2 protein chains.
Amino acid sequence: MHAPPIQRLITELSKLPGVGGRTAQHWPSTCSAPARRTPSHWPRRFARSKLRVSPARCASTWPREPLCRICQDARRDGDLICVVEEPVDVISIERTHEFAGRYHVLGGALSPIDGIDPEDLKITELYARVRDGGVREVVIATNSTTTGEATALHIAAGVRELAPEVAVTRLASGLPVGSDLEYADELTLGRAFAGRRAL
Amino acid sequence: MHAPPIQRLITELSKLPGVGGRTAQHWPSTCSAPARRTPSHWPRRFARSKLRVSPARCASTWPREPLCRICQDARRDGDLICVVEEPVDVISIERTHEFAGRYHVLGGALSPIDGIDPEDLKITELYARVRDGGVREVVIATNSTTTGEATALHIAAGVRELAPEVAVTRLASGLPVGSDLEYADELTLGRAFAGRRAL
């Protein structure tokens, strides 16, 4: 999934006591994030160290080449773009084996209170990909949080204005697999009801 | 929601140290469950004590009358039946304010390993309600567990055979509201993908 140096970094970091693979996956992006998003206690020398990779031109993951491995893979469906917040979300979705299209990583979610506006995310780059044509569907897979939902609505409106023929979809909200109705919160259960489907 | 004696029992039980309202809600049905489902350490005298209410003829909740309060309410849509496993699920769904139909409580889920077969649940009673006519949709809201899913498929097949014109639906599976993609398990994320909807 990752470029070899990133994968090595994650493997080495996850050997530290108390650090698992999931935690370590976040660290490469934290190292290269804009200064205001890097924790102030982060050791300066580590924060300034340069990684030998950078976000791909295709805005997917962290490769050494201009295009990430997924975008280089000709077997994948270029008509489908899945929009996620962070590179780590690509890995979660790949594990499901449900998606055979390409990704677009925004680099976060809209959050005016934290000073994250549309210009701070790779939204213009997404519109450019849609404008280039050949896109059939944009699947918005931002988190199911307030900021993730706001980002989804913002992008959906933008894509619809730009290319009304492109389908814009959102991941289903509902009960997690293996869960009991009784312990679901009201909002989730309400969404599961509203989104019920023929069996 | 409950008949007054049940509500009083729940209120009193939930005053015990370490017992919350959700736990206490289970106890009235445990007291009246068939012997093999009652824990063996359950004090005999309490297990044998008779509650002054019994499951309703409409198989919804625990009223003093033959029909539960929800089924007595003429403002509710009689064309819609929501099938749940336990009386406590009715309360969870009522809290969402998303459903204005009536309920059918099965009294559990199919689980051959625990000796719970279709005859042990109120499935025949559900088919009788469908056969009586006037039902437009059966919403199957069993838990999203293995036994809940098996029960849903069993009931869906039965209703389709009995009345092909009745719509059979199932609550949406997907990401709970407020959750991050990264922490969703693969099955849930896969279902959220497969069930994506136009935005």
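The table below lists the values:
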{"quantity": "Count - residues of region B:72-113 that are more than 9 Å from chain A (Cβ to nearest Cβ), open to solvent by 20 Å² or more (accessible area, probe 1.4 Å) and in a helix (DSSP H, G or I)", "calculated": "4"}
{"quantity": "Given (1) within 20 Å of B:A172 (Cβ to Cβ); (2) in contact with a strand residue (DSSP E or B) (Cβ under 7 Å, 6 or more places away or on another chain); (3) open to solvent by less than 30 Å² (accessible area, probe 1.4 Å), index of the condition B:L126 fails", "calculated": "(1)"}
{"quantity": "Options A:L126, A:L121, A:L187, A:L175: the member that is more than 19 Å from B:A194 (Cα to Cα), of a type in the set (A, V, I, L, M, F, W, C) and facing chain B (nearest Cβ under 7 Å)", "calculated": "A:L187"}
{"quantity": "Members of region B:129-151 that are within 14 Å of another protein chain (Cβ to nearest Cβ) and closer than 14 Å to B:I81 by Cβ", "calculated": "B:R136, B:E137, B:V138, B:V139, B:I140, B:A141, B:T142"}
{"quantity": "Test: residue in region B:152-162 that is at the interface with chain A (Cβ under 7 Å from one of its Cβ atoms) and modelled with pLDDT under 90", "calculated": "no"}
{"quantity": "Region B:129-162: number of residues that are among the charged types (D, E, K, R), within 13 Å of A:L199 (Cα to Cα) and under 17 Å from the mean Cα position of the chain (by Cα)", "calculated": "2"}
{"quantity": "Scan of region A:134-163 for residues that are over 20 Å from B:A184 (Cβ atoms) and open to solvent by 40 Å² or more (accessible area, probe 1.4 Å), ordered by number", "calculated": "A:G134, A:R136, A:L153, A:H154, A:A157, A:R160, A:E161, A:L162"}
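The values are calculated or read from the model by the stated rules, or taken from the named source; none is laboratory data. A quick note: this is a predicted structure, and the numbers were derived from the prediction, not measured. Neighbour counts are summed over all protein chains in view; Cβ atoms, including those assigned to glycine, are modelled from backbone coordinates with ideal geometry. Remember, those area values only see protein heavy atoms, side chains included, never the ligands or the DNA or RNA. Shrake-Rupley method; radii C 1.70, N 1.55, O 1.52, S 1.80 Å.
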